[in-house]
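Every read-out reported here was derived from the displayed coordinates using simple, explicitly stated rules and does not represent laboratory data. Just so you know, these numbers come straight off a predicted model, no measurement behind them. Cβ sites come from the backbone with ideal geometry, for glycine too, and all protein chains shown count toward neighbours.
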Amino acid sequence: MAPKGNNGKNGNWRASDDRMTRMKNVLEAQRLACHDLVGEQAFNDLYALLKSNSVDEASMTDLSRMVFKIISYDKSEVIQMMYKLLYLESQIENP
């Protein structure tokens, strides 16, 4: 069965308005969960780091050091949550 959606320009598939609404709701819930776990300042710092070009250029060791300067080890689950948040943002920005 073909995915539900709309044909955009040039026949490219585009997410339906209903799916976009659901993704935006999940995005907001994800953002709130991250805030609750690490607080606003750590969320903002981690978000800025993960969106920056330094992530692309950093080794895993360097990235780990940068991340754990922002959050404590016991809050490391927020990293996966932040990547999900970034993924959702990219899907919403580029449907």
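Things to note:
- Sorted peptide list for 77-88, 22-33, 52-63, criterion being average Cβ within 10 angstrom, highest first: 77-88, 22-33, 52-63
- Förster radius 22 Å - calculated FRET efficiency between residue 17 and residue 80, Cβ distance, rounded to 0.05: 0.15
- Compared with the direct C-alpha span, the chain from residue 44 to residue 68 gains 7.2 nm at full extension, assuming 0.36 nm per residue.
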